[in-house]
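Written below as structure tokens is the structure these notes are about.
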Amino acid sequence: MNRKIILFLSVLVVSLIMAGCLETREKAPLSTPEIRTAIDTKDSFVILFFYDPSMGTSQEQLEILYDIKQNHSDSVILLPYAMDNPESFDAKEGYRVRSTPTTVVIDDEGYIVKTFTKITFEKMIEELILQDIKK
């Protein structure tokens, strides 16, 4: 009898997760001291930006992220990581970055809100931040 109940509950939980009814949030990896310090700063969103300095789209995205940082200076921490810099390796590996530009938004509780793997406009990222603040 207990096995049937456990099996039923397991199937129910998996079904709810697959249907999106239960929230599954991934904790952000603390892969570098800078990321660890930024995530430990309460009441701040962390935006990690992985980019190739020679790509125009990366430079365009970096400007967008600097604008967000300027507009939300009290609640956003921006950490850019140039992929040609060997010091970026741990951060890149921790977040499984395979292409640039990649932007990772982490909420004030240290969970990954969204990962963008292409150029993303200011409004989309700001909506994520404002939506999470309202919760």
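The values are calculated or read from the model by the stated rules, or taken from the named source; none is laboratory data. Remember, it's a predicted structure, so these values are computed and weren't measured experimentally. Here the Cβ positions follow ideal geometry from the backbone for every residue, glycine too, while neighbour counts run over all protein chains shown.
Say we look at the stretch 88-127 and pick out the residues that are free of Cβ contacts under 8 Å to residues at least 12 places away in the same chain and of a type in the set (Asp, Glu); which of these is nearest to GLU34 (Cα to Cα)?
Across the stretch 88-127, the extreme among qualifying residues is GLU109.
Can you find a residue in the stretch 67-74 that is aliphatic (A, V, I, L, M), under 15 Å from ALA28 (Cα atoms) and assigned to a helix (DSSP H, G or I)?
no
Tell me which of these ILE47 doesn't satisfy, since it passes every other one: (1) within 20 Å of LYS118 (Cα to Cα); (2) free of Cβ contacts under 8 Å to residues at least 60 places away in the same chain.
Unmet condition: (2).
For the structure I just gave you, tell me whether LEU130 is exposed (fewer than 12 other Cβ atoms within 10 Å of the Cβ) and of a type outside the set (D, E, K, R).
Values: exposed (fewer than 12 other Cβ atoms within 10 Å of the Cβ): yes; of a type outside the set (D, E, K, R): yes.
Against the criterion (exposed (fewer than 12 other Cβ atoms within 10 Å of the Cβ) and of a type outside the set (D, E, K, R)), LEU130 qualifies.
Against the condition within 12 Å of the chain's Cα centre (by Cα), surrounded by 17 or more Cβ atoms within 10 Å (Cβ to Cβ) and closer than 21 Å to LEU130 by Cα, how does ILE112 come out, does it pass?
Yes.
Name the single residue, out of those in the stretch 75-97 being touching a helix residue (DSSP H, G or I) at 6+ places or on another chain (Cβ under 9 Å) and over 14 Å from PRO29 (Cβ atoms), that is modelled with the lowest pLDDT.
Taking the candidates together, the pick is SER75.
Collect the residues in the stretch 42-62 that are under 18 Å from the mean Cα position of the chain (by Cα) and either part of a helix (DSSP H, G or I) or modelled with pLDDT under 90 (or both), keeping them in residue-number order.
Answer for the stretch 42-62, where residues must be under 18 Å from the mean Cα position of the chain (by Cα) and either part of a helix (DSSP H, G or I) or modelled with pLDDT under 90 (or both): LYS42, ASP43, SER44, SER58, GLN61, LEU62.
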